Amino acid sequence: MKILRPVAGFLPTYGYFSNYCDSFEGRILDYGSNCGNLLKSGPLNPANYTGVDVDEFALYVGKVRFPKAQWLHHNRWHPCYNPDGDDSFVDLPEVDLAFSYSVFSHFWFEEFIHTLQRIKAKQIYLSYCDIKNSKCVEWFREQLTDPEEIPTDEKFIYLVDNYVSREVPNKCAKFTSFWNTEYLVHLLGRFGKVEAFPPPERWYQSCIRINTA
């Protein structure tokens, strides 16, 4: 098995999304699932859960922990998380609810839109980095060495390693996107009714909810 990276640290993403989602009933897609953080942190039925990730080893761990869940390897290229991937896109199941924590916050403009076009869900919940949320911006900058300042008057911008950019590199160690919330809500209006929410206490990323039905 090709191991892309060690399994990332546990994040209680059920606790994060429960601030915005009243009911987790029905079929669930966890896009960027890691090894099943959403399942591990909440009372979900594994038989109704599909996890999707670029990390084969994380998916293997998820299968061991939750054998009744469905797990899909998504070998899509990403300059930081999957630089050896390709331009293929895994066939996603139709679900009631889709959740994605700290995935779209590392997407560039085109990938953000393209991925949402492929998700088939009645409701979509995704986290993102608000360019005007100084706590969020500084948290990501603190993970780097002497990074450039993030201009807060942009519609969107990327922090690529230590540099602010509008370009997507072939390969990098860090890639984070920051978005103006009003612009993002307007941009995503093509997918349904869009609402934006600030981060819960002790979290840094904000949340978008899209009602597509």
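Read-outs throughout are calculated quantities, based only on the coordinates presented, and are distinct from any laboratory measurement. On a predicted model such as this, the values are computed, not experimentally measured, just so you know. Positions of Cβ are generated from backbone atoms using ideal geometry, with glycine treated the same way; all protein chains shown enter the neighbour counts.
Among the residues of the range 192-207, how many are hydrophobic (A, V, I, L, M, F, W, C) and in a loop (DSSP other than H, G, I, E, B)?
Filtering the range 192-207 down to residues hydrophobic (A, V, I, L, M, F, W, C) leaves 194, 196-197, 203, 207.
Next, only the ones that are in a loop (DSSP other than H, G, I, E, B) stay: 203.
Qualifying residue count for the region: 1.
So which pairs qualify, if the first residue must be in the range 190-201 and over 18 Å from Thr13 (Cβ atoms), the second must be in a loop (DSSP other than H, G, I, E, B), the Cβ gap must be under 8 Å, and the two must be at least 6 apart or on different chains?
Phe191/Thr212; Gly192/Thr212; Gly192/Ala213
Quick one: Ile210 ticks every box in (1) buried (at least 19 other Cβ atoms within 10 Å of the Cβ); (2) in a loop (DSSP other than H, G, I, E, B) except a single one, so which number is it?
The one condition Ile210 does not meet is (2).
Run Arg118 past the list (1) under 22 Å from His78 (Cβ atoms); (2) surrounded by 15 or more Cβ atoms within 10 Å (Cβ to Cβ) and report the number of the one that doesn't hold.
Arg118 satisfies all of (1) under 22 Å from His78 (Cβ atoms); (2) surrounded by 15 or more Cβ atoms within 10 Å (Cβ to Cβ) except (2).
In the range 170-191, what residues are surrounded by 15 or more Cβ atoms within 10 Å (Cβ to Cβ), in a loop (DSSP other than H, G, I, E, B) and either in contact with a Phe, Trp or Tyr (Cβ under 7 Å, 6 or more places away or on another chain) or not basic (Lys, Arg) (or both)?
The answer is Cys172, Asn180.
For the range 114-159, how many residues meet the condition of being touching a residue at least 40 places away in the same chain (Cβ under 8 Å) and either assigned to a strand (DSSP E or B) or among the aliphatic types (A, V, I, L, M) (or both)?
Total meeting the criteria: 16.
If you check Leu11, Leu44, Leu38, which single one turns out to be closer than 20 Å to Arg118 by Cβ and aliphatic (A, V, I, L, M)?
Only one candidate passes the filter, namely Leu38.
Filtering the range 124-169 down to residues that are small (Gly, Ala, Ser) and either surrounded by 15 or more Cβ atoms within 10 Å (Cβ to Cβ) or under 12 Å from Asn180 (Cβ atoms) (or both), which residue is nearest to the chain's Cα centre (by Cα)?
Ser127
If only one of Leu97, Leu59, Leu92 is crowded, with 19+ Cβ neighbours inside 10 Å and outside any strand (DSSP E or B), which one is it?
Leu59
Looking at the structure I just gave you, is Leu44 touching a strand residue (DSSP E or B) at 6+ places or on another chain (Cβ under 8 Å), within 22 Å of Gly9 (Cβ to Cβ) and assigned to a loop (DSSP other than H, G, I, E, B)?
Yes: the conditions hold for Leu44.
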